[in-house]
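J.: For reference, the structure I am asking about is given below.
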Amino acid sequence: MDTQRIALVTGANKGIGFEIARQLASAGVRVILGSRNPERGEKAARNITEGAVTPIQLDLTDHPSIARAGAEIDATYGRLDILVNNAAIFDFSDAPPSSASFDAARRTMEVNFFGTLAVTQAMLPLLRKAPEGRIVNLSSPLGSLTLNGTPDWMYYKAQFIGYNASKAALNMLTVQLREELRDTNIVVNSVSPGYVDTDLNGGAGYLTPEEGAEIPVRFSLEGEENGGFFDTDGRIPW
């Protein structure tokens with residue numbers, strides 16, 4: 001049996017996802033680089049020279065593409081060791097509940113939660129075949145119900161009902177997966193990369209993608225934590 005670990009990173013043609021893929025490849029992991037646009041995915045894979053990277057077309061809003069990706073990974077590798085659920089959107093017409101665009105909130109939930117759920121369901125049979133499976137869900141402190149209800153929190157005014165709710169739902173996925181997979185060889189955690197300078201936030205972040213990739217890569221490769229919510233400073237309250 002090939003002992004090289006196999007990882008799928010969604011939304012990996014740019015930003016944090018690209019850097020996660022690059023760092024995992026550099027660590028000796030065979031990376032499957034998921035990208036909604038196949039041409040951009042192929043270009044991104046060519047730009048990673050540190051290890052083995054293969055692009056795959058994967059659109060979180062297109063269930064047939066998710067099924068095809070799962071079938072292709074199964075046929076090629078027969079298992080999946082690491083799933084990094086990185087792909088997400090932020091819509092700038094999102095806002096507090098009274099003024100948010102309803103369509104923006106629905107699109108955000110469709111990608112960030114329902115799309116991630118669909119990918120996870122498709123990949124779970126492959127993760128069960130791995131000696132030690134890992135699921136890393138990229139969340140945000142904006143998904144913390146505790147922090148959203150703490151007026152002196154530094155990001156308390158960042159009230160975006162669609163985005164924040166999508167990350168809270170993603171955290172619920174982590175909690176319930178941990179319980180469902182308790183007797184398996186799969187661990188699952190939510191991690192926050194921090195406020196990273198990416199297209200998602202219009203370049204407003206203060207961390208580089210390289211810095212933001214550090215904690216998702218670490219949780220992909222090692223550690224005994226299971227069913228938690230973490231950033232580089234430790235646990236984040238649910």
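The values are calculated or read from the model by the stated rules, or taken from the named source; none is laboratory data. What you see is a predicted model, and the numbers here were worked out from it, not measured in a lab. In this analysis, Cβ positions are derived from the backbone assuming ideal geometry, glycine residues included, and neighbour counts consider all displayed protein chains.
J.: Would you pick out the residues in the stretch 181-213 that are modelled with pLDDT of 90 or more and surrounded by fewer than 17 Cβ atoms within 10 Å (Cβ to Cβ)?
T.: Arg182, Asp183, Thr184, Asn185
J.: For the stretch 94-113, how many residues are without any contact (Cβ under 8 Å) to a residue 12 or more places away in the chain and more than 10 Å from Gly162 (Cβ to Cβ)?
T.: Selection size over the stretch 94-113: 2.
J.: Any residue in the stretch 39-58 that is polar (S, T, N, Q), crowded, with 20+ Cβ neighbours inside 10 Å and within 22 Å of Thr208 (Cα to Cα)?
T.: Filtering the stretch 39-58 for residues polar (S, T, N, Q) gives 47, 49, 54, 57.
Filter once more, so that each one left must be crowded, with 20+ Cβ neighbours inside 10 Å: none.
No, the conditions are met nowhere in the stretch 39-58.
J.: Now for a different question. Can you run down the residue pairs with Cβ atoms below 7 Å, 6 or more apart or on separate chains, where the first is in the stretch 28-48 and free of Cβ contacts under 8 Å to residues at least 60 places away in the same chain and under 15 Å from Glu72 (Cα atoms) and the partner is assigned to a strand (DSSP E or B) and hydroxyl-bearing (Ser, Thr, Tyr)?
T.: Short answer, once both residue conditions are applied: Ile32/Thr54; Leu33/Thr54.
J.: Moving to a separate point now. Determine the pairs where a residue that is on the phi < 0 side of the Ramachandran plot, located within the stretch 81-93, has a partner that is among the charged types (D, E, K, R) and surrounded by 24 or more Cβ atoms within 10 Å (Cβ to Cβ) with Cβ atoms under 6 Å apart, the partner being 6 or more residues away or on another chain.
T.: Taking only residues 6 or more apart or on different chains, the pairs are Ile82/Arg134.
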